[in-house]
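The values are calculated or read from the model by the stated rules, or taken from the named source; none is laboratory data. The structure displayed is predicted, hence computed values, not measured ones. Neighbour counts are summed over all protein chains in view; Cβ atoms, including those assigned to glycine, are modelled from backbone coordinates with ideal geometry. Ligands, DNA and RNA are excluded from the accessible area calculation, which covers all protein heavy atoms including side chains. Shrake-Rupley method; radii C 1.70, N 1.55, O 1.52, S 1.80 Å.
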Amino acid sequence: MEFSEHIKTANVEDVELRQPLQPPSRGTLCITGHHLLFSDREADTSRHLLLLLRNIDAIEKSVENLLGYPGFLSKAGHSERMTGSSGTITIKCKDLRVLQFDIPGMEQCLNIAHSIETLSCLDNVSEMYPFFYRPTELRLQYHWGLLAPEQHYNQTKELHKRWRLSSVNQDYSVCSSYPPAVIVPKSISDETLKKAAKFRQGGRFPVLCYYHRKNGMVIMRSSQPLVGANRKRCKEDELLLQAVIDGSDKGYIIDTRSSQQVQQARMTGGGFESKSCYSGWKRLHKQMERGKALQESLIKLVEACGDESQNMDRWLSKLENSKWLSHVQTALSTAGLLAECVERDGHSALVHGYEGTDCSLLISTLAQLIMDPSCRTLEGFLSLLEREWIQAGHPFQQRCAHSAYSHTRLQQESPVFLLLLDCVWQLWRQFPLALGFSEALLLRLATEVYASDYGTFLCNSDQERCALGVKDATHCLFQALLKPTEREVYLNPLYELNQLAIWPSVHPQSLQLWRGFFLRWTQQARHLEEVQQEIRNMVNEWVRVTQSDATTIQ
């Protein structure tokens, strides 16, 4: 497909741009197949704007003719060209920016708006910008990503006694959302895994996602068992879970649904692990909202953050009604429960809800951050995200199709990954010395997951990325973030290695709105950013002087 087919007007002169934290500016607006480019007349590079069209969540347009009446359109639906007519396009971005362009000429305004609406919604993965992004400082890597499952297994030597790497899914025929290689108990054969997969929704049979070096306990994740109204059993699934707790008195199943929800799921073909069939496992229910409820919560929160009424009581009421911080609290408390089962009680755990591609990944990721200091470094955290979200099959393409402004009817959108980043920010704020990365990394990831130059968040599974050539023809974001020139920006200069678990407080007064993200385009957030940068510079200078003095003494 030629992008030019969708571009009726490629550039417009004398356009006025209004954007957050900047005075209005006048210049040229250009549209390409992937970007919107605004160039200021003053030629000040800081006033140029390059916006990825994929970052646009909603577009609103209004036109006026000479008499000041809005929307002067012909019967055919096309604008009548009139001298002095003008239009305004308001663009609401997935990173929560709101941009306004005042465009001379009604027809030009409508043409630009139509092109943006069409090009920002193209859903053919191979036509997206990561396939065209070729920066001079990066080369396409032979090995895409940080650590393949095989490398992770080989690096964790303690696993090798009781656990093995299975290639049962090497052609994605057992589970389309799992990677080709998974870690399972050594005593379980691939044939047993295949039969167990048929008993789990989407084929997501229990696999190991974390080994706790302190006590040898593990965290497993899966989807719900397909018990159904007739209370079906699967001997192979029972055998698999029994092998996980072999030699231990019990294990915990953290189900991210309420008792009522699992009973309802059983009536529609899903269900839960009954005590009679899985005698060694104790089931704990921690209901977590997902899907549409979570997306609507984000929409309400962003609406509250955009309220300019200056009425504090009204703003706090809107914030509470969004329930976003309640979702943060539930996620952290559930992750804390999972970490307690493994770290304090010394038992292995299985976590799942329905499909096992959303809340299960959220909880297992946070639990590993709480328990394991190796996950708290910059490299460790990015490897954790790759392992638990990219390789484990979170459907990014579906969940991040729209953000908080879109007018389209909700389908499978849900800001689960954004909720994860918010929870990590809460940990970062409560333990400022324990995490080796900065808030800047979380903000970068929150932007990239919705619109990116890189292929990391494209598609819904590893199978799709391989089939569509993502790993061959795009750059990996995580590899780029670890390049020397980039990593310095995202390191926490206050970081000190802490071998202990970090237990977050989930009391309401301990949780705060993530201002750096949700209020990032306000003057207050800009001041905070400037202060944080000044602190970073001071710490870096102190480290440099200390190292210089140490070298002199030697």
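Volume per residue of the convex hull around the Cα atoms, evaluated for the range 279-421, comes out as 139 Å³. Relative contact order of the range 235-319: 29 percent, from C-alpha pairs under 8 Å at least 6 residues apart in sequence.
When each of the peptides 19-29, 294-304, 445-455 is scored by the mean number of other C-beta atoms lying within 10 Å of its residues, the order from highest to lowest reads 445-455, 294-304, 19-29. Each other residue within a Cβ distance under 9 Å of Leu481 adds +1 if Lys or Arg and -1 if Asp or Glu, for a net charge of +2. Other residues within the sphere of radius under 13 Å centred on the Cβ of Glu236, judged by their own Cβ, net out at +3 (K and R +1, D and E -1). Scoring 472-479, 116-123, 484-491 by mean Cβ neighbours within 10 Å over their residues and listing the highest first yields 472-479, 116-123, 484-491. Only Lys, Arg, Asp and Glu carry charge here, each on its Cβ (+1 for the first two, -1 for the last two); on that basis the range 443-490 has a dipole of about 80 debye about its Cα centre.
Sorting 129-141, 252-264, 155-167 by average packing, meaning the other beta carbons within 10 Å per residue, from highest down gives 252-264, 155-167, 129-141. Across the range 262-277, coupling constants 3J(HN,Hα) worked out from phi with the 6.51/-1.76/1.60 Karplus curve, θ = phi - 60°, read 5, 5, 5, 5, 4, 6, 10, x, x, x, 8, 7, 6, 5, 5, 8 Hz, and Gly and Pro carry x.
When the pairs Lys61/Lys94; Lys161/Lys235; Lys186/Lys292; Lys235/Lys282; Lys198/Lys250 are compared against a 29 Å limit on Cα-Cα distance, Lys186/Lys292 fall above it.
The Rg/Rh ratio of the range 331-409, with Rg taken over Cα atoms and Rh as the Kirkwood radius over Cα pairs, comes to 1.04.
Compactness ratio for the range 189-308: Cα radius of gyration over 2.2 N^0.38 Å (N = residue count) comes to 1.29. Computed on the Cα trace of the range 356-503, the radius of gyration divided by the Kirkwood hydrodynamic radius gives Rg/Rh = 0.96. In the chain, taking the dipole from charged Cβ atoms about the Cα centre, the farthest positive-side position among Ser309, Gln479, Thr28 is held by Gln479. Only one residue of Leu337, His143, Leu239 has its Cα farthest out toward the positive end of the dipole of the chain, where Lys and Arg carry +1 and Asp and Glu -1 on Cβ, and that residue is Leu239. Dimensions of the range 218-283 based on its C-alpha atoms, expressed as ranges along the principal axes with the largest first, amount to 35, 23, 18 Å. The value of relative contact order for the range 312-449, using C-alpha pairs under 8 Å at least six residues apart, is 22 percent. Couplings 3J(HN,Hα) for the range 178-189, derived from phi with the Karplus relation 6.51 cos²θ - 1.76 cosθ + 1.60 (θ = phi - 60°), are 8, x, x, 10, 9, 9, 9, x, 5, 7, 9, 7 Hz, where x marks Gly and Pro. Applying the Kirkwood pairwise sum to the alpha-carbon positions of the range 389-442 produces a hydrodynamic radius of 13.0 angstrom. Other residues lying with their Cβ under 13 Å from the Cβ of Arg465 contribute a combined charge of -3, Lys and Arg counting +1, Asp and Glu -1. Dimensions of the range 98-254 from C-alpha coordinates, computed as largest minus smallest value along each principal axis and given longest first, are 76, 48, 30 Å. Protein-only accessible surface at a 1.4 angstrom probe places the residues Trp144, Trp324 in the order Trp144, Trp324, largest first.
Under 5 Å from the amide H of Gly269 lie the amide H atoms of Gly228, Ala229, each residue being 5 or more positions distant or on a separate chain, with H modelled from the backbone and absent for Pro and chain starts. Only Cα pairs under 8 Å and 6+ residues apart enter the sum, and on that basis the relative contact order of the chain stands at 14 percent.
Over the chain, the fraction of Cα-Cα pairs per 20 Å bin, rounded to whole percents and listed from the shortest bin up, is 19, 50, 26, 4, 0.
Only the Cβ atoms of Lys and Arg (+1) and of Asp and Glu (-1) were treated as charged; on that basis the dipole of the range 147-237 about its Cα centre amounts to roughly 440 debye. Counting only DSSP H runs of at least 4 residues, each contributing -39500 (n - 2.57), and dividing by the residue count of the chain, the helix-based mean residue ellipticity at 222 nm comes to -10500 deg cm²/dmol.
When you filter the trypsin sites (Lys or Arg not before Pro) in the range 317-400 for DSSP loop state and at most 16 other Cβ atoms inside 10 Å of their Cβ, nothing is left.
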